[in-house]
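K.L.:
Before I ask anything, let me first share the structure, which is written out below as structure tokens.
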Amino acid sequence: MGAGQGLNPAVNRPIVMSVVEPQLRGQAFAIFLSVFQTIGWALFSYGAGMLAVQIGIQASFNIFLVWLMLINAAFLGLLFLCYRKDVLKVRSAMLALGYLGVARWTPRELPRLIGGLCTAAIGVLMIALKALIH
């Protein structure tokens, strides 16, 4: 489960990097890390603790660490639908500002992204099944 959660920063930080212009990335990361992740962590911890009191810690972990991670993986997968347009907009702005060495996005990256998301989802599903069996 920890590996599944550890994959989340490796996915969401590159998304922020590629959809925010370079001169605004510092502010974007400051807001993202200090506000959204802090509030998310607090709500996650509070909700898991309150649920653990009601239904037990193992069931609470299954809900919060397995099912919510699956929902998060699905949401990040849905972001890909609008991600390409946002990346292209930022890249065109970077080119207009004179930034050089901008990597080009190609449709060949789609199977790799889908494969990575599927691998993560399968891993989380296997952990969920193992938790349900025990």
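K.L.:
Consider only pairs whose beta carbons are under 7 Å apart and that are at least six residues apart or on different chains; among these, list those whose first residue lies in the stretch 38-64 and is hydroxyl-bearing (Ser, Thr, Tyr) and whose second residue is part of a helix (DSSP H, G or I).
P.N.:
60/48; 60/51; 60/52
K.L.:
Are there any pairs, at least 6 apart or on different chains, whose C-beta atoms fall under 8 Å, with the first in the stretch 111-133 and closer than 21 Å to residue 63 by Cβ and surrounded by 12 or more Cβ atoms within 10 Å (Cβ to Cβ) and the second of a type outside the set (A, V, I, L, M, F, W, C) and at pLDDT below 70, and if so, which?
P.N.:
Pairs that qualify, where the first residue is closer than 21 Å to residue 63 by Cβ and surrounded by 12 or more Cβ atoms within 10 Å (Cβ to Cβ) and the partner is of a type outside the set (A, V, I, L, M, F, W, C) and at pLDDT below 70, are 120/4; 123/4; 124/4; 127/4.
K.L.:
Would it be correct to say that residue 77 is more than 19 Å from the chain's Cα centre (by Cα) and closer than 27 Å to residue 126 by Cβ?
P.N.:
Details: more than 19 Å from the chain's Cα centre (by Cα): no; closer than 27 Å to residue 126 by Cβ: yes.
When the stated conditions are applied, residue 77 does not pass them.
The values are calculated or read from the model by the stated rules, or taken from the named source; none is laboratory data. Note that the structure is predicted; figures quoted are calculated from it, not measured. Virtual Cβ from ideal backbone geometry, glycine too; neighbours counted across all protein chains shown.
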